Amino acid sequence: MEKAAAEPAVDLAKEHGPYYYAHAAKAWEVPEDAKTISGEGLTHTGQGPRRLDGDAATEPPAADSVDALQAEMARLRARLADAARVRRPETLPLKKYAFADGEGTCKIYIDFALGELRARRTEEDGSARHCLDAGVVASFERRRVRVVVVVPNAAGDDSRREFAVNLACDIVPKHCSYKVVAEKNRVVVSLRKAEAVPWPTLCTAS
């Protein structure tokens, strides 16, 4: 009786690469004499994970806990609705100003109404006291300067004052600054010129 010719050996590592060969799924069967080990914490026997405290099921939350959670959610929704209704401060343009042209700098004098730069709002919250003073924010670009002042109000109805112009000449933004002179109801802006030449005008026509 002739024996069947042996099939040529195939080097799977060369054919598919050592990584894919090592991790490839291999057909195998559980030996008949294999021992199955089961117990607490073992999940490979089809039992799934178990609770450490031994309880098979999770108890439903108490009714009072659900009510408290729903009340908290309603309170947060109400706060979000109130925040959405808060009116943004009204912004009024500042048009009263003067400028002084220097050799290497140009200064802008922006005038405010009496007491606006000293405005303060004080709020009492239990044992805490909060104070809010007038705030100034200035931004400088190559050909633009903008100054915004938030003026607090005792009634909580804050307002904004804004001075913004497009400059006729270039400046050096990192060397520009401002100073609040509250006793004169004025904010002084100092612009560093990119070129030390006279400025016949401060801003462009548009």
Query raised in the report: Which length gain, in nm to one decimal place, applies between Ala78 and Lys174 when the Cα-Cα distance is subtracted from 0.36 nm times their residue separation?
Result: 30.1 nm
Query raised in the report: Structure shown: which of Lys96/Lys193; Lys95/Lys174; Lys107/Lys193 lie over 20 Å apart, alpha-carbon to alpha-carbon?
Result: Lys96/Lys193; Lys95/Lys174
**Report entry** Mean projected area in nm² (Cα convex hull; one quarter of hull surface) for region 130-194
**Finding:** 5.3 nm²
Query - Additional length obtainable on full extension of the chain from Arg146 to Ala98, 0.36 nm per residue less Cα span - result: 15.8 nm
Query raised in the report: Quick one: Cα centre-to-centre distance for region 139-180 and region 92-126, in angstrom?
Result: 9 Å
Report task. Scan around Tyr178 for amide H atoms under 5 Å from its own, H built in the peptide plane at 1.01 Å from N, and keep only partners 5 or more places away or cross-chain. Result -> Ser190
Report task. Read phi for every residue in region 71-78 and hand back ³J(HN,Hα) as whole Hz from Karplus 6.51 cos²θ - 1.76 cosθ + 1.60, θ = phi - 60°, with x for Gly and Pro. Result -> 5, 5, 5, 5, 5, 5, 5, 5
Report task. Could you rank the peptides 173-185, 103-115 by their average count of other C-beta atoms within 10 Å per residue, with the highest value first? Result -> 103-115, 173-185
Query raised in the report: In what sequence, highest mean first, do 73-81, 157-165 appear when ranked by Cβ atoms within 10 angstrom?
Result: 157-165, 73-81
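Every number in this text was worked out from the coordinates using simple rules, so none of it is lab data. Keep in mind it's a predicted model, so treat the numbers as computed, not measured. Counting neighbours? That spans all protein chains shown, and the Cβs are built from the backbone with ideal geometry, glycine included.
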